[in-house]
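Below: one structure, written as structure tokens.
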């Protein structure tokens, strides 16, 4: 390190830290110099787990150190988010940021963090398209038939959800249509899909990653998607907007974030590596094959997106009449 840089840093950090200066600078210049952990809020086999493992492999290849996934499941993603919020801001503990905890803040009476201010949002990765599905043993082939059946058989239908989106969709259908259904909460979507196939619940909201193979095998029946346009993966399945709930749209998302005080040089390095992965033809295809359409956004754009989605989801939660827990 040259004398000028040493002098500047000594002035910033204080003379008492002079002996530490070479180590501080080297730690920043060589990032990452050891394994990095990406904390994932949901269980192995989930769509967020697939996204986390894909981006971890690309970051590992690009930056030359292991990127390890730690599944920390619980409280709709709050447990994982709180873990990263409280971690050292050195770039070695990151979060697979998911909409459940960050857009669904209105589901909680007290949130242990501010979704925007308490994190350094690095890069948006993409979205998690999902759909409404039923067990094929039910005499239901459309959302309109689902609503009619639920009204004619009050309390006999149970819907499961392994994330906050599933709850918002289920309660929105009940509120807007008067359908009578029971809610069953799961720790993750793969467990809920297993029970849907077994007939323990009658409907749920799986994502494409966990649900589409079972649609193709005939084990579950899709009724609607939640984007304004139909999904290329299921072009014959209508949107909820064009069936019984005009104007409804809900799209979960994911990205990478770190603690609020993460140094700008580390943020820039990680964001650049994510952008490179998503810009490549092979990278986009691998994500999209896993059910994750990519939508890169850098730090400022991603933070703005989180603010917008927080407002949108809060409106939907209140319209559905969901009481904070």
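What to note about this one:
- Rounded FRET efficiency, nearest 0.05, which uses the C-beta distance separating residue 323 from residue 182 and R0 of 22 Å: 0.85
- Ordering 36, 225 from the fewest to the most neighbouring beta carbons within 10 Å gives 36, 225.
- Per-peptide packing, taken as the mean over residues of other Cβ atoms within 10 Å, places 196-206, 311-321, 48-58 in the sequence 48-58, 196-206, 311-321 from highest down.
- Inter-probe distance in nm under a simple model that places probes 7 Å from Cα toward Cβ, at residue 300 and residue 142: 4.8
- Fraction of antiparallel bridges per DSSP, segment 131-225 only, in percent to nearest 5: 45
- Computed lengthening from residue 315 to residue 61, 0.36 nm per intervening residue step minus Cα-Cα distance: 87.4 nm
- The C-alpha radius of gyration of segment 33-130, expressed as a fraction of 2.2 N^0.38 Å, stands at 1.05.
- Of the two radii for segment 131-225, the radius of gyration is 0.92 times the Kirkwood radius, both from the alpha carbons; that is the Rg over Rh value.
- If you plug the beta carbon distance of residue 268 and residue 288 into 1/(1 + (r/R0)^6) with R0 = 30 Å, you get a FRET efficiency near 0.70.
- From its DSSP helices (H runs of at least four residues, each -39,500 (n - 2.57)), the chain gives a residue-normalised ellipticity at 222 nm of -13000 deg cm²/dmol.
- Here the extension length gained between residue 281 and residue 110 equals 57.3 nm, from 0.36 nm per residue of separation less the Cα-Cα distance.
- A simple packing score, the average count of other Cβ atoms within 10 Å per residue, orders the peptides 248-254, 64-70 as 248-254, 64-70, with the highest score first.
- Counting DSSP beta bridges with both ends in the chain, the antiparallel % (nearest 5): 55
- Net lengthening on full extension, residue 53/residue 228 (0.36 nm per residue, minus Cα-Cα): 60.1 nm
- The ellipsoid equivalent to the alpha-carbon distribution of the chain has semi-axes of 42, 20, 16 angstrom, derived from the gyration tensor eigenvalues as √(5λ) and listed largest first.
- Segment 231-307: proportion of alpha-carbon pairs further apart than 21 angstrom, %: 45
- Put a dot 7 Å past the Cα of residue 152, heading toward its Cβ, do the same for residue 34, and the two dots end up 6.4 nm apart.
Coordinate-derived values only; no laboratory data. Not measured: the values here are computed from a predicted model. No Cβ is skipped: glycine too gets one built from the backbone with ideal geometry, and neighbour counts run over all protein chains shown.
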